[in-house]
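These notes concern the structure reproduced below.
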Amino acid sequence: MGANDPWQTLISRVLAGERRSIARLLSRLDDRAPGFEVAARLLAEHAGRAHVVGITGVPGAGKSTLVNALLGAWLAQGRKVAVIAVDPSSPIHGGAVLGDRVRMGEHGAHPNAYIRSFSARGALGGLSHATRAAADCLDAAGFDKVLVETVGAGQSETDIMALADTRVVVCPPGLGDEVQAIKAGILEIADLLVITKSDLPHADATVRDLKDMLALRRRFGQRDWNTRVMPVHAPASKGIDELVAAIEEHRSVRGCGTRLNGNAPSSADESRTTPPDAAADDWLNRLQALAARDGPCVTLGFEVIEGGAGSATVTVTLDDRHINFFGSCHGGIVFALADSAFGLASNSYGPIAAAIDAHIAFSSAAGKGDRLVARAVELRRGRTLAVYRVDVHKMRDDGGEEIVSTFTGTVFIRGSKSDAAAETKSG
Ligand SMILES: Nc1nc2c(ncn2[C@@H]2O[C@H](COP(=O)(O)OP(=O)(O)OP(=O)(O)O)[C@@H](O)[C@H]2O)c(=O)[nH]1
Ligand SMILES: [Mg+2]
C-alpha cells in the first residue's frame, strides 16, 4: 500500500479522527472496494483501545431506546461514542430504517457521537466481517465506546456479538415466547441480560424467571464473570446508571479489544459441531433401540418414527392410560412425550447430559383417540451445552396438525471443562 494509495490517505485521516474520512472509509469497507482486506488488517493494527459493547434482542425489544440512553450517559461523562446499527435481515443498502431511527435520537448531532448503519445487502456471510472492520475503524479513529446494535438471535447476530467485549442481551417483559426464543441460544452469549420496559406489568416476573434460569447456568459458567439480570426503563433513565456501572465493571474484568486476540468465546464455543456421519436408517434404529430400553416409552406406548443427528420424532395414540380425571390428556403425558423426543435427540450422538433445564408451554388440549407427535430438533450445540426445541402436535382427521405444546430444553454436556470444574466444586 503506497503513499498515493487512496486507502492509505484515508486511514491516516481517520487516525486523526477526521469525521468525513471516517464516513468515506466505512463506505469503502462496506462496498468492499479493491484492497479492503489489506486496509482492514491495517486498521486492526491501530485498534484495541475502544470498548466494544454489543446490544442484541428480538425486534422491538427496546434496543435503540437503550442505545440512545447509553449514548447520552457516556457523552455526559465526556466520552467519544460511536454506534453501529446492523440489520442482518435487511437487504436494503444503508439500512435506512434502523439508521434513521437511531439518528432521530437526541444525541445524533453531538460532536463526540458518530452513528452509522449497515445492512445485509445479500453479503455472503460477510456482515460480521464488515461490522468488525467498522468497529476497528471507529476504534482506530479514537472512539472510547463502540456500541453495536443488532436484531434477533440467528447465526449472523451471534457472530456479530462475538466481536463485542461486553455483550448485552435485551429482553422485554411478559412475553413467554420471547423468553423462550432468547433462551434458545442467545442467552448463552449474554454478559448482561437487560429487561427493558421495566415500567410494564410482568417486568418483575420476567426478571425472576431469567434469574432462575441463570442460577443453573451459573454452575457451568465462566467463573470470572456471572451474567447479571438488570431491569431498565430507558425513556425515564431508570436503571441506566446501574447498567453503565455494570458495563464498566465487565470491561475491567474482561478488557477491551478481545476480538483482536482471536478471543471470541461465544462463537468458538457455541458453533455447531459436525454431527457424526450415518445413514438415516441407522439413526432411527439406534433411537428405537434406546426407546425400547426406556420404561416410560414402553409403558406409555410411545413410538419413535424418525431419527437423525440431534433430532427425534416420537408419537403416541391416546388411550385410557393417558387420560386425566377431566377426560382429556394428562399434562404429564404431553411432557413425557416431549421429554422423550428431547432425550433421544440430545443423546443421539451418545450420552451427554450433565444437567438439564427444560421448560414447557401448553396451548391446547388433546383427548382419547388423538394421535400426538413430538418432534425434537437441535437449535445449537457447542462444547459445553446444546439447546433443543420440541413441538408437540395433534394430528387432525383432515390430515392437518394443531399445536398442543412447545418445549425448550438445554443440556449441559457431560465431560466439558466447566462440568468438571462444577463437579470439583460441589464434590
Ligand atoms: N413502555 C416502554 N416502552 C418502551 C421502553 N423502551 C422502548 N419502548 C418502546 O418500544 C418500542 C420499540 O423500541 P425500540 O427502541 O425501537 O426497539 P428496538 O429493539 O430497537 O426495535 P428494532 O430495532 O425495530 O428491532 C418503541 O415504541 C419504544 O418507544 C420502555 O422502557 N418502556
Ligand atoms: Mg432498533
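Computed values, structure above
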item	result
Within region 38-58, considering residues that are part of a loop (DSSP other than H, G, I, E, B) and out of contact with any Phe, Trp or Tyr (no Cβ under 8 Å at 6 or more places or on another chain), the one surrounded by the fewest Cβ atoms within 10 Å (Cβ to Cβ)	ARG49
Hits in region 307-322 - residues which are over 18 Å from PHE407 (Cα atoms), touching a strand residue (DSSP E or B) at 6+ places or on another chain (Cβ under 9 Å) and not small (Gly, Ala, Ser)	THR317, LEU318, HIS322
Qualifying residue in region 79-93 (condition: surrounded by fewer than 19 Cβ atoms within 10 Å (Cβ to Cβ) and modelled with pLDDT of 80 or more)	yes
Residue, nearest to GLU149 (Cα to Cα), within region 56-73, restricted to residues that are β-branched (Val, Ile, Thr) and more than 9 Å from ligand 2 (Cβ to nearest atom)	THR56
Flag for THR313 being in the same structural domain as ALA386 (by TED's automatic domain parsing), hydroxyl-bearing (Ser, Thr, Tyr) and more than 31 Å from the chain's Cα centre (by Cα)	no
Within region 48-84, considering residues that are away from ligand 1 (no atom under 16 Å from the Cβ) and among the basic types (Lys, Arg), the one nearest to ARG19 (Cα to Cα)	LYS80
Residue list for region 358-389, restricted to those being within 15 Å of VAL316 (Cα to Cα) and crowded, with 19+ Cβ neighbours inside 10 Å	ALA366, ASP370, LEU372, VAL373, ALA374, ARG375, ALA376
Residue list for region 330-364, restricted to those being out of contact with any Gly (no Cβ under 9 Å at 6 or more places or on another chain) and closer than 19 Å to SER405 by Cα	HIS330, GLY331, GLY332, ILE333, VAL334, PHE335, ALA336, LEU337, SER340, ALA341, SER363, SER364
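The values are calculated or read from the model by the stated rules, or taken from the named source; none is laboratory data. Only a predicted model underlies this, so the values are computations on that prediction, with no experimental measurement involved. FYI the Cβ positions are ideal-geometry reconstructions off the backbone, even for glycines, and counts take in every protein chain you see.
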